[in-house]
Structures are given as structure tokens and as C-alpha cells.
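Here is the structure we will look at, set down as C-alpha cells.
The values are calculated or read from the model by the stated rules, or taken from the named source; none is laboratory data. Please read these numbers as outputs of a predicted model, since none were measured by experiment. Note that each Cβ is placed from the backbone with ideal geometry, even for glycine, and that neighbours are counted across all protein chains shown. The protein model used for the area step is the full one, side chains on, heavy atoms only, and it has no ligands, DNA or RNA in it. Shrake-Rupley method; radii C 1.70, N 1.55, O 1.52, S 1.80 Å.
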Amino acid sequence: MPAASTAALFDPAASAGPHPTLTIYNTLSKKKEPFETVTQGKVGIYLCGPTVYGKAHIGHMVGPVLFDTIKRYLTYCGYDVHWVVNITDVDDKLIKAAAEQGITMAEVADLNIKDYDDNLAALGVTEIDDFPKATECMGEIIDFIAGLVDEGFAYESQGDVYFDVAKDSGYGKLSNRTVEAMQGDGGGAADRKRSAADFALWKNAKAGEPSWDSPWGKGRPGWHIECSAMSKKLLGETFDIHGGGLDLVFPHHENEIAQSECRHGKPMVKYWAHNGLLRKDAAAGKIGGRAERDAKEAPADDAGGKMSRSKGAGGLADLIAKQGGERIRFFLLRTHYRSTVLFSEEAIEEAAVGLETFYRLFKRFARITKADFYGLTPPTSRGASSIALGDDPTLNAAEAHREKFLTAMDDDFNTGGAIAELFELARLTNKYCEDRKLEESADPADVATLELLMTTIKELGGILGIFRQPPMSAAGSDDLLDKLMPVVIALRADARAAKNFAIADAIRDGLKPAGVTIEDRPSGAEWTGGGEGAVEAVMQMLIGLRATSRAAKDFATADALRDQLAAIGVTIEDRAGGAEWSVSS
């Protein structure tokens, strides 16, 4: 039996042992390992969430988008998945932000949690089961620390409590560091610690700071202990997957292992899964329907730098409003999760070009069938393909692409390779439509085949968390953009008829920042795309064309553009600082 068939028949709830084809890279062992759960049929996942002292930036979305996809895939494969993302709502940075804003630490946290939740929803991250806050788990945190003190792994010093790394013979095994090479808090804490590498479990309260009663006096927890306590509370002493960015390997995850394994005397986690960091200011790569298939270790000196609030990153809500959540999610999933993600708005816009391949296909499906792609109901489990292998070469090819998609996901959740197969499936479907001339006349049997192909695309897209609903600000959702685009299409047609390719090329290039694509069809040109900011981008392109035409003394084009805009209620006014546009009320 082929490996793919074996995987399709594997029932995690009823079958013992590892999954027959699924592997995951383990940072601890530095290799891919067969996926076998702690409890048969069940998967526990813990992802380190944000410290909510400021608004979220796009770097905060890498882990949630990835693990939302991983949960979707594991669920599709038959596992019962419990996914936890913690919230750190007590921290030096929160205390500082509260003082600066003149509000309480809890109010700072609540404002930024709301921002974080809204951004997750916009990117389609809907699969998180628990969102524990550190302040709501203080009893469990204090009990955890007390157990470490009682067993001799931690000690109290002047109201602080520190973990004694010398008592943990395995300390450093995740990051491959020796105790001698590690640095502790230093500074004012150095004289309270036995070793510079010891780290704080509990911090003595300072005047005016939020604090909780404990056996060691009033204080608050250190960062690392929070995750050990919350993961134990919700997932148990040993669970399946712990995720986070590569920057958390040391000290955070190293210290989590030390705390949890010394406290419980057993492994904390089976698989440590770390995603590459999001880096900025690197040149965007070309998108032609392919994706970055393979994982590559992210070198520390990669171009740009890690996205963080301290480097001025932020404005995620504005980016989502401009680009749309599905674009950003697709952009993040094109790269294998262990690779560095090179961020720029240009890269997101280029990813949007790839998405338009699918959006155009969805419109073609609607034209042929008069049905809505988003209304299709795909299979939700691995063994329930819509396609039965037989004599139809197109359906056989489609099932082969589906199997390659699943093979990519089985290989350490290689979303880049999976997306490449999704593009191949779209190409196959478009070719089928063209070969059978389905837009001219559609035989019912051909339509049924088309529906199977489109259902498979929806099935696989659902695993990635895309194509679940129409994209934000798609064609037709913005009234002014609806009015502007016929003007643009007419201007483009006139330019091409007059062999004025400079104007035609300027229109093509000017539509890219707007996320708009024009497709020529026998029935006429059609456009797709758009989004928040698309109207402004299109108007700036038209203003630029008008200025270029006037400079070239092509007053016919400039006047025609003015008149067509006026007909839809848009006025361009020349001012000393440049042309401005407005809409008549």
C-alpha cells in the first residue's frame, strides 16, 4: 500500500504508535522525528504568546498563524488538539507603560489584549483553545516555585527566589550552551545570586508596583516560571509540542525545561518547534505561483533585523486594514516556518498577486456554474477525498497534487511546498476550463468535474486557513473603486488601441500598489483585488498619468481623463503643492 494511502487510513484515536508519514523537526534533538503523541489520539500544543505592554506588530503573528495551521492539519489528520497561547500581563515593561500612560497595569494589558485578539481574528487565527493570563494563574505559579524551593532546586535571597542552575545537570541542552558561557541578570541582582547564570523565579516587590503575597513576601513572578506553571495547569506535566520564535530558545525555553523537568522529574515536551524570525528591510522576492519549499536555518546576521517594538515595529492593525488579513496570512505561510521571513509591504503585495490567481479562478467558477466557491462543502478529514481515482486523467492529476500537498505538510508542516501544489492544482483547473471551453458551453459532466476540482482547492485551502470567506475589500466592496476601475480599463484600452504603450505600462505598474489586477477576457476586461488604500493608490496613479500626458502635450488624454473622473463625481484640482482629488457630495 502506498505511503499516502497508509496515512489516509491511519486513525490516531484507534492506532497506537507514531503516525506513518508525519514528521516534525525537534530543536532539542536537531533532527526530524516521527510524530507520536504522549496520549494516543490527543495533541497538546503550547505557544508562547505576547507580553501585552504595546500594540501588536506583524512579528507577533508568525507563531499564531503557523500553529493555527498546524492545529488545522493535525485535526484534519484525526487528532484531538488542545492549543494554548499564554498572555504575559505582568512585567517590567507593562509597569513602565502604565506609569507613562497614567493608568493601571491591568488597563494597559486589557487594551493591548483587545488589539492582539482583533489582529488574530483578521488573520483567520481561530483555533486557539485557551488564553491563560499570568495574573489569573498566580496560585499555580507560587505553588510551582514553592515545590522547586522545597526540593532544593531554588533558593530565596532577600525576598527574591532564584533557580539554582548548578542543581540541573541537563541545563543548556536545548541551546547547547554551557553554564560557564551563560550570563545571568547581573547588575543589582548579582550579589543576591549564587551564580551569574541563576535566574529569577520570584521578584521582591518594589514600592508602588503590583504585587502578590507569597511565602517569600510580596512580589511578582519572573517571566520563565509563568509558562511552566500555565502549561502544566492546562496540558499536564508532559505535553506534545512547545512552540515559539528562535529568539526564545535561550534563555526562555531553556529555563522552562529546567524548571519543569526538575519539578516533575520527567520530560516537559516531546517536540520543541521554533519558527524563524521576521526580518525587515530585505528585498522582496518575485512570486510566480511558487513558494519557498524548504526550511533553512536562519543565520543570526540575516539582512535587516528582527521585528520588535524596540526597533519601531508596530501598526499591525493599519497594515491589516491596508492589505487584508488573508494576504498577510498567505505571505507568512509561503515560507517554511523554520526559515527567516523577509518582510516588506512590497513582498505582501507580490504575495497578493499570487492570491489573485485563485480569486480569478473562483470568479471563473461562478461564471460557469452560477455557484459560489465559498459555498462549497469540502471534506474535513484526510481519508475523505472528494475525488475517486478512475479513468479521468484530470481528476487523477488533481488527486496526485492533493497527495503531494499532504506529503509536504507531513514533512515538518512544509506550508511552502503545500502552497506550491495548490498553485499546480489551480493551473490544472484553469487548463481544464480552457480545454473543455466551459465558458462557452458547459456539459453537466464537465461541470461536475469542475466542482470536484474546486472542492479540492477549498479543502486544501482550509487546512492553510485561507479561502474560508471572500477576502476583505475584494472587487465590488468599495463603491468608489467600482466606479474608478471602468475609467482605468477604458483608459488602458484607448492607450493600447493607440499603441501608447507607455500609458498602458504605467497603468499596469500603478495598479500593483493598489493590489488590483486586470484580466482580459473574450467578454471584456475584468478586474479583481483591491483593499483598504486601493482607491488612494489608483487615484495617485491617475493623477500621475494626467501630469505625464500634460507634460507630453497629450491634452486629449489628459482632458478625457478629467472628464471621465468628473462623470463619476471625482474632481482633480491643481495646487501649488501638487494635484489633489476630492469626491463631490
Task: Sulfur and carbon atoms: percent of accessible area, the chain [1.4 Å] - done: 51
- [ ] Using only the Cα atoms of the chain, build the gyration tensor, take square roots of its eigenvalues as a ≥ b ≥ c, and label the shape rounded, prolate or oblate: rounded if a/c is under 1.5, else prolate if a/b is larger than b/c, else oblate.
- [x] oblate
Open item on the list: Taking only complete DSSP H runs, can you tell me which helices of the chain stretch 20 Å or more along their own long axis by Cα positions and average at least 1.0 on the Kyte-Doolittle scale?
Closed with: none
Open item on the list: Can you compute 3J(HN,Hα) from phi for each residue in segment 236-242, using the Karplus curve 6.51 cos²θ - 1.76 cosθ + 1.60 with θ = phi - 60°, rounded to whole Hz and x for Gly and Pro?
Closed with: x, 6, 10, 9, 7, 10, 10
Task: Where segment 437-549 is the region considered: accessible area per residue in Å², 1.4 Å probe - done: 44
- [ ] Work out, step by step, the length gained on full extension between Ser441 and Lys30: first 0.36 nm times the residue separation, then minus their alpha carbon distance; give nm to one decimal.
- [x] 142.4 nm
Task: Under Karplus coefficients 6.51, -1.76 and 1.60, residue-wise ³J(HN,Hα) of segment 25-30 in Hz, glycine/proline x - done: 6, 10, 4, 5, 8, 6
Task: Stokes-Einstein D (µm²/s) once Rh is taken as the Kirkwood radius of segment 2-275 over alpha-carbon pairs, at 4 °C in 1.567 mPa s - done: 66
Open item on the list: Can you give me the C-alpha center-to-center distance between segment 404-448 and segment 546-563, rounded to a whole angstrom?
Closed with: 44
TODO: Go through Ile518, Ile419 and list them by solvent-accessible area, largest first, probe radius 1.4 Å.
DONE: Ile518, Ile419
TODO: Report the one residue of Asn500, Ile466, Thr449 whose Cα lies farthest in the direction of the positive end of the charge dipole of segment 374-501 (charges on C-beta: Lys and Arg +1, Asp and Glu -1; origin at the Cα centre).
DONE: Asn500
TODO: Assign one of three labels to segment 139-243, namely rounded, prolate or oblate, based on the Cα gyration tensor with a ≥ b ≥ c the square roots of its eigenvalues; rounded applies when a/c is under 1.5, prolate when it is not and a/b is larger than b/c, and oblate otherwise.
DONE: oblate
Task: Ordering of 497-510, 322-335 by burial proxy (mean other Cβ atoms within 10 Å per residue, highest first) - done: 322-335, 497-510
- [ ] Hey, can you grab everything whose amide H is under 5 Å from the amide H of Val43? Only 5+ residues off in sequence or another chain; H modelled, so Pro and N-termini drop out.
- [x] Asp80, Val81, His82
Open item on the list: If I take all pairs of Cα atoms in segment 479-583, what percentage of them are more than 24 Å from each other?
Closed with: 17
Open item on the list: Explain nothing, just the number: relative contact order of the chain, from Cα pairs under 8 Å at least 6 residues apart, as a whole percent.
Closed with: 13
Open item on the list: Using helices alone, I'd like the mean residue ellipticity at 222 nm for the chain: each DSSP H run of four-plus residues gives -39500 (n - 2.57), total over residue count, nearest 500.
Closed with: -14000 deg cm²/dmol
- [ ] Quote the accessible area belonging to Tyr432 in square angstrom, nearest 10, computed with a 1.4 Å probe and with ligands, DNA and RNA left uncounted.
- [x] 10
TODO: Would you please give the residues with an amide H less than 5 Å from that of Tyr25, counting only those at least 5 places away or on a separate chain, with H modeled from the backbone geometry?
DONE: Glu33
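Listed highest first by mean packing, meaning other Cβ atoms within 10 Å per residue, what order do 487-494, 152-159 come in? Walk me through the intermediate numbers first.
Numbers: 487-494: 18.4, 152-159: 16.8.
Taking the mean over residues of other Cβ atoms within 10 Å, the ranking is 487-494, 152-159.
Let a ≥ b ≥ c be the square roots of the eigenvalues of the Cα gyration tensor of segment 341-464; is it rounded (a/c under 1.5), or, if not, prolate (a/b larger than b/c) or oblate? Please report the intermediate quantities before stating the final value.
Details: a/c = 2.00, a/b = 1.29, b/c = 1.56.
Since a/c reaches 1.5 but b/c is at least a/b, the shape of segment 341-464 is classed as oblate.
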